[in-house]
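Presented below is the structure to which this report refers.
Read-outs throughout are calculated quantities, based only on the coordinates presented, and are distinct from any laboratory measurement. Here the structure is a predicted model, which is why all the values come from computation and not from measurement. As a convention, Cβ positions derive from the backbone with ideal geometry for all residues, glycine included, and neighbour counts pool all protein chains shown.
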């Protein structure tokens, strides 16, 4: 990573129209087009989540994720819709994104565990960030996943 991204965390209602567009465009580019998963990305949770946007100095969105409050997906907060731009992979932005997301989740929900539904091939990556398997593997849209938890 030559230049780290600058992250901004906002509740959905504080996102601008342009920010919503950029987040949805990146998520659809990766989750729908690249991973060939036809699914409803706008699942109804976004309006109740915090959204992290990682941008380069020129404004390019390179990474995004959302923090789902406790009680919506799990009994504890969750980090989801974690994505880095295909044009900027292997630049360290995924790690920076997750470190920022963990920090922000800790700020919002101190002392609570954090859940994720990790794509199985990323188990070691998430493990390096303190997440451990927490349940049986499952299939989501044809992609193997693993529930993981980071203890508060």
Checklist entry - Share of antiparallel DSSP beta bridges in the chain, in percent to the nearest 5? => result 95
Next on the checklist: Suppose only helical runs count, i.e. DSSP H with n ≥ 4. What mean residue ellipticity at 222 nm does that imply for the chain under -39500 (n - 2.57) per run, divided by all residues and rounded to the nearest 500 deg cm²/dmol?
Outcome noted: -6500 deg cm²/dmol
Checklist outcome for this item: By the C-alpha gyration tensor axes a ≥ b ≥ c (rounded if a/c is under 1.5, else prolate when a/b exceeds b/c, else oblate), the shape of region 66-152 is oblate
Checklist entry - Stretch residue 125-residue 107 to full length: gain in nm at 0.36 nm per residue minus the Cα-Cα span? => result 4.2 nm
Checklist entry - What FRET efficiency would be calculated for the residue pair residue 25, residue 45, taking the C-beta separation as r and a Förster radius of 22 Å, to the nearest 0.05? => result 0.75
Checklist outcome for this item: Cα-Cα pairs in region 36-81 separated by more than 14 Å, as a whole percent of all pairs, come to 57
Item to check | Alpha-carbon centroid distance for the pair region 86-119 / region 121-152, whole angstrom | outcome: 13
Checklist entry - residue 140 to residue 60: FRET efficiency via 1/(1 + (r/R0)^6), r the Cβ-Cβ distance, R0 22 Å, to the nearest 0.05? => result 0.20
Checklist outcome for this item: The alpha-carbon pair-distance distribution computed for the chain, with 10 angstrom bins and whole-percent values, is 11, 42, 40, 7, 0
Checklist entry - Over region 6-112, what is the mean sequence separation of C-alpha contacts under 8 Å (at least six apart), divided by residue count, expressed as relative contact order in percent? => result 25
